[in-house]
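To start, the structure itself, in structure tokens.
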Amino acid sequence: TVLKDTHKHNPQEILSFLADEELQAGFGKEFLDAYWQERTSKKIPSRGIMPRTAQALALFTPERNRQELRQLKFMPQEQYRFKDLFDIYGDSIALLSFAHGKEHGIIIRSRSMAESMRGLFESLWASL
């Protein structure tokens, strides 16, 4: 899958814009647990920005985040406009849409685009 590509290139870090409801609906708990376990076993840390929801806070506890090498920052739900998953890793960007019946994903391999998206992520991260 597009998501598993993030592990193939052994990036130093994976940066994500995500929404937990869409993520779980798109992949399911078993797939995500296996994905996170594989990332952790490869010692690839991740940082993510997502909406602050009760479901996100219950799923991504501080203990679980520590164990899975994950740091998260939350935005107020009403300000978070991302509906899809964006992963930035190495010189690549993975974009995944979970719109029911129209699920799809693409990988963009471009150093300049990855650097631009990384800059956007870092700017938002620093402001939270």
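In this entry, residue 108 passes the filter for residues that are of a type in the set (Val, Ile, Thr), over 13 Å from the mean Cα position of the chain (by Cα) and within 18 Å of residue 14 (Cβ to Cβ).
Within segment 1-50, being of a type in the set (Phe, Trp, Tyr) and under 12 Å from residue 88 (Cα atoms) holds for one residue alone: 17. Tallying residues that are assigned to a helix (DSSP H, G or I), open to solvent by less than 70 Å² (accessible area, probe 1.4 Å), in contact (Cβ under 8 Å) with a residue 40 or more places away in the chain and not hydroxyl-bearing (Ser, Thr, Tyr) within segment 1-57 yields 5.
The set of residues in segment 64-82 being over 26 Å from residue 9 (Cβ atoms), open to solvent by 100 Å² or more (accessible area, probe 1.4 Å) and either of a type in the set (Lys, Arg) or assigned to a loop (DSSP other than H, G, I, E, B) (or both) consists of 81 alone.
Count of segment 83-98 residues, restricted to those that are in contact with a Leu (Cβ under 8 Å, 6 or more places away or on another chain), farther than 20 Å from residue 9 by Cβ and open to solvent by 40 Å² or more (accessible area, probe 1.4 Å), is 1.
Scoring residue 60 on the criteria (1) within 22 Å of residue 9 (Cα to Cα); (2) open to solvent by less than 40 Å² (accessible area, probe 1.4 Å); (3) among the hydrophobic types (A, V, I, L, M, F, W, C) leaves a single failure, condition (1).
Each row is one residue, and each column tells you yes or no for (1) of a type in the set (Gly, Ala, Ser); (2) modelled with pLDDT of 90 or more.
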{"position": "41", "(1), (2)": "yes, yes"}
{"position": "60", "(1), (2)": "no, yes"}
{"position": "68", "(1), (2)": "no, yes"}
{"position": "78", "(1), (2)": "no, yes"}
{"position": "81", "(1), (2)": "no, no"}
{"position": "92", "(1), (2)": "yes, yes"}
{"position": "97", "(1), (2)": "yes, no"}
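Scanning segment 68-90 for residues that are farther than 11 Å from residue 19 by Cα and in contact with a Ser or Thr (Cβ under 7 Å, 6 or more places away or on another chain) gives 68, 69, 70, 87, 89. Filter segment 99-128 down to the residues that are on the phi < 0 side of the Ramachandran plot and at pLDDT below 95, then identify the one that is most open to solvent (accessible area, probe 1.4 Å). So the residue we want is 100. Restricting segment 11-31 to residues that are closer than 22 Å to residue 117 by Cβ and at pLDDT 85 or above, which is nearest to the chain's Cα centre (by Cα)? The residue in question is 16.
The values are calculated or read from the model by the stated rules, or taken from the named source; none is laboratory data. Every value quoted in this text rests on a predicted model; they were computed, and no experiment measured them. FYI the Cβ positions are ideal-geometry reconstructions off the backbone, even for glycines, and counts take in every protein chain you see. Just so you know, the surface numbers come from the protein's heavy atoms only, side chains and all, with ligands and any DNA or RNA stripped out. Shrake-Rupley method; radii C 1.70, N 1.55, O 1.52, S 1.80 Å.
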